[in-house]
Amino acid sequence: MKKYEILTGNGEGEVYGKRVYKIRALRSFSDVCEGEFGGYVENETNLSHEGDCWIYNNAVVMENAVVSGNSKVLGYALVHGSASVCDNAVVEGTCGRNPRADVLDFPVKVNGRKNAETGDILEIGGNSLVCGCSQIKHSAKILQRARISGNAKIMNRAVIKGYAEIGGNSVVTGFARVSDHARVGGAAAVKGCAFVKNNAVVKDLCIVSGDAVVMGEYVLDGCKRVNKGVLCGSGNPVAV
């Protein structure tokens, strides 16, 4: 049995030049009540009818992106491209410009790629994957083929892109960036304006903050803390 319907002609919007439509629950499940309005989709493939997954209030899921499992997408969040949000992941965006704007304003606010890159909204795009019990919050960006899993948290204006992998109980926050084939795992934290790139690995209880850069094949492990300078090395990839 279908759990929602797409409402054409009622609360439509336009994002990236494409029409998106409000959804309404056809039955009660999880914390969603029958008749409750949800967020926006471009088509029925964007949100699975299985599980307790749901798109709430202002959120938009479009193009070939898929929300499935028991995952939740809410707030000022945009999931597009061929991105996947699944399992028990939570994606919760907070628009820095006008968090109290009416729900119908949101598609207008993100109309056009330039606005989507200003940092005002949370964005998950490309072929990225958000899974497990991970949490993406505030105005974070998950792009290209990045993978977020486990209990990882990506918050504030952090950007994860390339083939980067964030997992375990790690946290990436602030204005931090993780890109290329870099990996962050364990209970590590990357914050401030720190940058982890290339094939670097940050794991265990390490903290990278300030304007520090970890790059090359460098492996930061143990309980090390670094808040400035560049760490660059070579070596064999290490599992996180």
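The values are calculated or read from the model by the stated rules, or taken from the named source; none is laboratory data. Keep in mind the model is a prediction, meaning the values are calculated, not measured. Glycine gets a Cβ as well: all are built from the backbone with ideal geometry, and neighbour counts include every protein chain shown.
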Checklist entry - Can you pull out the residues in region 186-214 that are assigned to a strand (DSSP E or B) and under 24 Å from Ser134 (Cβ atoms)? => result Ala189, Val190, Phe195, Val196, Val201, Val202, Ile207, Val208, Val214
Checklist entry - With respect to the numbered conditions (1) in the same structural domain as Val91 (by TED's automatic domain parsing); (2) surrounded by fewer than 24 Cβ atoms within 10 Å (Cβ to Cβ), which one is the sole condition not fulfilled by Gly168? => result (1)
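Here's the yes/no breakdown for (1) within 24 Å of Leu122 (Cα to Cα); (2) touching a residue at least 12 places away in the same chain (Cβ under 8 Å); (3) over 20 Å from the mean Cα position of the chain (by Cα):
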{"position": "Tyr16", "(1), (2), (3)": "yes, yes, no"}
{"position": "Lys22", "(1), (2), (3)": "yes, yes, yes"}
{"position": "Ser28", "(1), (2), (3)": "no, no, yes"}
{"position": "Trp54", "(1), (2), (3)": "yes, yes, no"}
{"position": "Asn58", "(1), (2), (3)": "yes, yes, no"}
Next on the checklist: Are there strands (runs of 3 or more DSSP E) fully within region 1-65 with at least 3 residues that are farther than 18 Å from Ala83 by Cα? List them.
Outcome noted: 4-7, 18-25
Checklist entry - From the list Ile154, Ile160, Ile136, which one is crowded, with 24+ Cβ neighbours inside 10 Å, assigned by TED's automatic domain parsing to the domain that holds Val67 and of a type in the set (A, V, I, L, M, F, W, C)? => result Ile136
Item to check | Any hit, region 75-88, residues being part of a loop (DSSP other than H, G, I, E, B), aromatic (Phe, Trp, Tyr) and at pLDDT 95 or above | outcome: no
Checklist entry - How many residues are closer than 13 Å to His49 by Cβ, of a type in the set (Lys, Arg) and either surrounded by 13 or more Cβ atoms within 10 Å (Cβ to Cβ) or not assigned by TED's automatic domain parsing to the domain that holds Asn70 (or both) when one looks only at region 1-26? => result 1
Next on the checklist: Pairs please, first residue from region 68-96 and within 21 Å of Tyr16 (Cβ to Cβ) and in the same structural domain as Ile124 (by TED's automatic domain parsing), second anywhere and of a type in the set (Asp, Glu) and modelled with pLDDT of 95 or more, Cβ atoms under 6 Å, 6+ apart in sequence or on different chains.
Outcome noted: Leu74/Glu92; Gly75/Glu92; Leu78/Glu123; His80/Glu63; Gly81/Glu63
Next on the checklist: Kindly evaluate Glu12 against the criterion of being on the phi > 0 side of the Ramachandran plot, out of contact with any helix residue (DSSP H, G or I) (no Cβ under 7 Å at 6 or more places or on another chain) and of a type in the set (D, E, K, R).
Outcome noted: no
Checklist entry - more than 15 Å from the chain's Cα centre (by Cα), surrounded by 18 or more Cβ atoms within 10 Å (Cβ to Cβ), of a type in the set (Val, Ile, Thr) and within 19 Å of Leu122 (Cβ to Cβ): does that describe Val85? => result no
Checklist entry - Name the residues in region 151-197 that are touching a residue at least 40 places away in the same chain (Cβ under 8 Å) and among the basic types (Lys, Arg), would you? => result Arg183
